[in-house]
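Asker: Dropping a structure here in structure tokens format, bear with me for questions.
Computed from the coordinates by the stated procedures, all read-outs in this text should not be read as laboratory data. Note that the structure is a prediction, hence the values are computed from the model and not measured. Cβ atoms come from the backbone with ideal geometry, glycine included; neighbour counts cover every protein chain shown.
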Amino acid sequence: MAYTDKVIEHFEHSRNVGTLDKDDPNVGTGLVGAPACGDVMRLQLKITDDGTIQDAKFKTFGCGSAIASSSLVTEWVKGKSIEDAVKITNKEIAKELSLPPVKIHCSVLAEDAIKAAIKDFQEKRAKRLGPAAAASETR
Amino acid sequence: MKLPIYMDYHATTPMDPRVLEAMEPYFHDDFGNAASRNHAFGWKAEAAVEKARKQVAALIGASDKEIVFTSGATESDNLAIKGVLEFYREKGDHLVTLQTEHKAVLDTCKRLERQRQERIDELKLMRLMELTGRDVSGEELAALEIKHELEKDEVLKRWIGAVRTGARVTYLKPKKDGLVDLAELEAAITDKTVLVSIMLANNEVGVVQPVAEIGALCRKKGVLFHTDAVQGLGKVPFDVESSKVDLVSITAHKMYGPKGVGALYVRRKPRVRLAPIIDGGGHERGMRSGTLNVAGIVGFGKAAELAKAELEAEAKRLLALRERLWKGLSAKLDMLHLNGSMEHRLPGNLNVSFAYVEGEALMMAIKDVAVSSGSACTSASLEPSYVLRALGIDEDLAHSSIRFGLGRFTTEEEVDFVIDLMVKAVTRLREMSPLYEMAREGIDLKSIHWAAH
């Protein structure tokens, strides 16, 4: 199976590979997938108090398409509000990278990773500020 | 050095130029049908086929009369298993094989199991029609089976005892090093066993089975022994006498011959009989009908002759290259896992798991090198290699495996290039692997509750 140019580009020149401080209250970490399934994605988002994604970093164990999907979403979410980021769907990711049917799960994982990272951020915040305050602050 | 580099010799091999040279006249000048008995064109083709038959026989220490030409090892495996089972039906219907066999053997066995089950289901339907006094459809089978307690039905039991369709199969789990457990094999053989099918060498992990011991055991137990020898011939010493094997599948394209031609060795003393699976003009002593692929067979013969002549030197050379590769990789990378026995292994095979890096991504990162991976990430099932799993290798490590297959045209320079490239690729991919980071922080990955997807 041949890879599309966009997958190769994101695989060979992956954007935003790295680690953010998971103990930073403004960092949400999403860890999705399973080693036994052959893919694990970790997406970390640094989110400002007003709910804007300032920075994004990823590390992925997985095939080229999984790495490309992670790399792509780090580019997409940067600068977005968390409300807009959770709206990113696996279909958009798969379309952008022209993923074949057997690789659709890679895009699903990337979508899940965004949601998991944001959820982690919100939970941390709720713990820190109390649920009511967290809800009112992140519109 | 020419790129890309081919290190996938278990998949197929390039033709040796000497093989191509031998085949060439049989595409045009000497194009005759080997079955044409009444003119020079036919005689010439027949003579060429018979010469090749001797060359192939010589490779495995057999007589030329014991060689049946086929389209390749998949057909040979099918013919050996289905042919023996059909011919020896009165003796029994049980087969014993290994979980790590090639799909040509495993899927043949599965079809035979399915055929037997379908026959049993037919008998159940007939019995239920008798018991209910009406027509019964397949959809009702499960419910009525319970209602009429077919499990305890003595009549049905007798009927099932008379089934002569398909087979029952025992799939032995190999030991952790990939070798068959001989005690388990002995225990699996029953008075209904007709055939044991265990490969000479595995296509993924290169593990070489103790065929002489298996052959001796089968002879003692009075069951036939088939071996798919495709990966081992020309790489490790093998002959039909010392291994007491009754049927051997061979293919040309894994030993620098052309694709689409193979053979089945069928022992004559003591004589092994087969029912054909392809009917027609009665070629190959009735065991395999179909016009012979003369040019292919000539190439096969030449390839077999070269494999025999060069076995010793080539095995030595490949072993040195394989050791160079393994030493080079393990000197510069940590957390490598060798899959399968190192001692009982094809000289040109290395199967390694690069922990925390996914195999398909690794192949993509070394796109100038052709290797293969047990990750099978492209398969719809997302299941990693069944061979590695049968060896008890964790799924994450199976996903991280790379199979290197070295062969006749592999050079030291290529091996060194591959070591460098692998080290770079593994290092880069580990840098971007969350699992590697977690492992280095001392987190036990098995302690994490992963959500399977």
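Asker: Cα centroids of the stretch A:32-92 and the stretch B:208-272: how far apart, whole angstrom?
Answerer: 53
Asker: For B:R37 and B:F87, what does the FRET efficiency come to when R0 = 35 Å and r is the distance between their Cβ atoms, rounded to the nearest 0.05? Don't jump to the answer; show the numbers that get you there.
Answerer: Values: r = 28 Å, r/R0 = 0.80.
Given R0 = 35 Å and the Cβ-Cβ separation, E is 0.80.
Asker: Right, here's the next one. Please rank B:K173, B:K327, A:K124, fewest neighbouring Cβ atoms within 10 Å first, as an exposure proxy.
Answerer: Details: B:K173 14, B:K327 11, A:K124 20.
By the 10 Å Cβ count, ascending, the order reads B:K327, B:K173, A:K124.
Asker: Just to check I understand the Karplus step: with θ = phi - 60° and J = 6.51 cos²θ - 1.76 cosθ + 1.60, what whole-Hz values come out for the stretch B:257-274, glycine and proline as x?
Answerer: x, x, 7, x, 9, x, 7, 10, 7, 10, 4, 9, 10, x, 5, 9, 10, 9
Asker: Then there is this: Over what distance in Å are the Cα centres of the stretch B:116-157 and the stretch B:391-421 separated?
Answerer: About 53 Å separates the Cα centre of the stretch B:116-157 from the one of the stretch B:391-421.
Asker: Tally Lys/Arg at +1 and Asp/Glu at -1 over every other residue whose Cβ is under 14 Å from the Cβ of A:D5; what's the total? Show your work: numbers first, answer last.
Answerer: Details: positive: A:K6, B:K367; negative: A:E9, A:E12, A:E96.
Local charge sum for A:D5: -1.
Asker: Considering every residue in B:397-410, what mean count of other chain Cβ atoms within 10 Å of its Cβ is obtained?
Answerer: Working: counts 2, 2, 8, 3, 0, 0, 0, 0, 0, 0, 0, 0, 0, 0.
That works out to 1 on average.
Asker: Determine, for B:V423, B:V266, A:V108, the number of other Cβ atoms within 10 Å of each Cβ, and report the residues in order from fewest to most. Before the final figure, lay out each step's value.
Answerer: Values: B:V423 15, B:V266 26, A:V108 19.
The order, fewest Cβ neighbours first, is B:V423, A:V108, B:V266.
Asker: Could you check the simple spin-label distance between A:D5 and B:S447, using points 7 Å along Cα→Cβ, in nm with one decimal?
Answerer: That separation, rounded to one decimal, is 4.8 nm.
Asker: Taking a label point 7 Å from the Cα of B:E412 along the Cα→Cβ vector, which residues of the stretch B:314-356 have an amide N closer than 11 Å to it?
Answerer: Zone members listed by number: B:321.
Asker: Next question. Suppose we look only past 41 Å in the calculated P(r) of chain B. What percent of the Cα-Cα pairs does that tail hold? Walk me through the numbers on the way to the answer.
Answerer: On the way: 28094 of 102378 pairs.
For chain B, the share of Cα pairs beyond 41 Å comes to 27 percent.
Asker: Could you work out the mean count of beta carbons from other protein chains within 10 Å of each residue's beta carbon in A:28-35? Show your work: numbers first, answer last.
Answerer: On the way: counts 0, 1, 0, 5, 3, 5, 9, 15.
Mean partner-chain Cβ count within 10 Å for A:28-35: 5.
Asker: How are the Cα pair distances of the protein assembly as shown distributed, in percent, across 20 Å bins from 0?
Answerer: Spelled out per bin, shortest first, that is 18, 40, 31, 11, 1.
Asker: Along the Cα→Cβ direction, 7 angstrom out, place labels at B:K316 and A:H13. What is the inter-label distance in nm?
Answerer: Here the answer is 5.1 nm between the modelled labels.
Asker: Right, here's the next one. Kindly provide the helix-only [θ] at 222 nm of chain B, computed as the sum of -39,500 (n - 2.57) over DSSP H runs of four or more divided by all residues, to the nearest 500 deg cm²/dmol? Write out the running numbers ahead of the final one.
Answerer: Numbers: 14 runs with 188 residues, N = 453.
Taken over chain B, the calculation gives -13500 deg cm²/dmol.
Asker: I've got another one for you. Under 20 Å from the 7 Å Cα→Cβ point of B:K176, by amide nitrogen: which residues of the stretch B:419-453?
Answerer: B:445-447
Asker: Using only alpha carbon pairs under 8 Å that are at least six residues apart, calculate the relative contact order of chain B and give it in whole percent. Walk me through the numbers before you get to the answer.
Answerer: On the way: 840 pairs, mean separation 98.9, N = 453.
Taking the mean separation of contacting Cα pairs over the length of chain B, I get 22 percent.
Asker: Let me ask another. In percent, what relative contact order does the stretch A:5-137 have, based on Cα pairs under 8 Å that are 6 or more apart in sequence?
Answerer: Working: 248 pairs, mean separation 37.3, N = 133.
It rounds to 28 percent for the stretch A:5-137.
Asker: Could you state the number of Å between the C-alpha centres of the stretch B:279-298 and the stretch B:330-347?
Answerer: 42
Asker: Let me have the relative contact order for the stretch B:84-181, percent, based on Cα pairs under 8 Å that are six or more residues apart.
Answerer: 49
Asker: Here's another thing I want to ask about it. Can you sort A:F121, B:F31 by how many other beta carbons sit within 10 Å, fewest first?
Answerer: Ordered from fewest to most neighbouring Cβ atoms within 10 Å, A:F121, B:F31 come out as B:F31, A:F121.
Asker: Run the quick spin-label model on B:M342 and B:A212: label points 7 Å from Cα toward the beta carbon, then report their separation in nm to one decimal.
Answerer: For the pair B:M342/B:A212, the computed spacing is 2.4 nm.
Asker: Another question, if that's okay. Across the residues of A:64-71, average count of Cβ atoms on other protein chains within 10 Å? Mind dumping the intermediate values first?
Answerer: Working: counts 9, 5, 4, 7, 2, 0, 1, 1.
Across A:64-71, the average partner-chain Cβ count within 10 Å equals 4.
Asker: Still on this structure, please answer the following. Quick check on packing: order B:56-68, B:209-221 by the mean number of other C-beta atoms within 10 Å, highest mean leading. Let's see the in-between values first.
Answerer: On the way: B:56-68: 20.8, B:209-221: 18.2.
Ranking, from highest mean packing down: B:56-68, B:209-221.
Asker: How much length would be gained if the chain were fully extended between B:S137 and B:K110, taking 0.36 nm per residue of separation minus their Cα-Cα distance, in nm to one decimal? Numbers along the way, then the final one.
Answerer: Numbers: separation 27, 0.36 × 27 = 9.72 nm, distance 2.50 nm.
Between B:S137 and B:K110, full extension yields an extra 7.2 nm.
Asker: Using only the Cα atoms of chain A, what semi-axes does the equivalent ellipsoid have when each is the square root of 5 times a gyration tensor eigenvalue? Give whole Å, largest first. Intermediate results must be reported in sequence, preceding the final value.
Answerer: Working: eigenvalues 151, 38, 32 Å².
Taking √(5λ) for each eigenvalue gives 27, 14, 13 Å, largest first.
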